[in-house]
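The values are calculated or read from the model by the stated rules, or taken from the named source; none is laboratory data. All values derive from a computational prediction rather than experimental measurement. Using ideal geometry, Cβ is built from the backbone for each residue, glycine included, and neighbour counts are taken over all protein chains shown.
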Amino acid sequence: METLWVDFNNMGKEGVRLICKGTIDELNAKSIRLRDGLELLIWDNDQDDFGNTDNLIVNAIVKYSETDKCWVAQFNDADLIHESERK
């Protein structure tokens, strides 16, 4: 499964929007073509107040959102975890 950096602060009505420059750059660099039903492991940077990094990560499904007029990654909020919590 491909991994993709996203900005979890860029949530739309149907999922996280895949329109940030960093996301688009990574899609191009990895030659990922977005399509309905594509499964991705998406992640975003997360640091505590001391600068320690433990990124957020979650499995997501891609779909084109007519509401947001762009590609989005949908995921269950309850499945969002820090990388250190992965089994």
Subset of the stretch 23-45, residues within 22 Å of residue 77 (Cα to Cα) and either touching a Pro at 6+ places or on another chain (Cβ under 8 Å) or at pLDDT 95 or above (or both), comes to 23, 34, 35, 36, 37, 38, 39, 40, 41, 42, 43, 44
Under 9 Å between Cβ atoms, at least 6 apart or on separate chains: pull out the pairs that start in the stretch 13-30 with a residue that is over 15 Å from residue 43 (Cα atoms) and end on any residue that is of a type in the set (Gly, Ala, Ser). 13/65; 14/65
Pick from 17, 86, 35: which is charged (D, E, K, R) and in contact with a Cys (Cβ under 7 Å, 6 or more places away or on another chain)? 17
How many residues are more than 9 Å from the chain's Cα centre (by Cα), more than 14 Å from residue 17 (Cβ to Cβ) and surrounded by 17 or more Cβ atoms within 10 Å (Cβ to Cβ) if we restrict to the stretch 55-74? 0
Answer residue from the stretch 31-54, given it is among the charged types (D, E, K, R) and either over 21 Å from residue 14 (Cβ atoms) or touching a residue at least 12 places away in the same chain (Cβ under 8 Å) (or both) and is surrounded by the most Cβ atoms within 10 Å (Cβ to Cβ) among those: 44
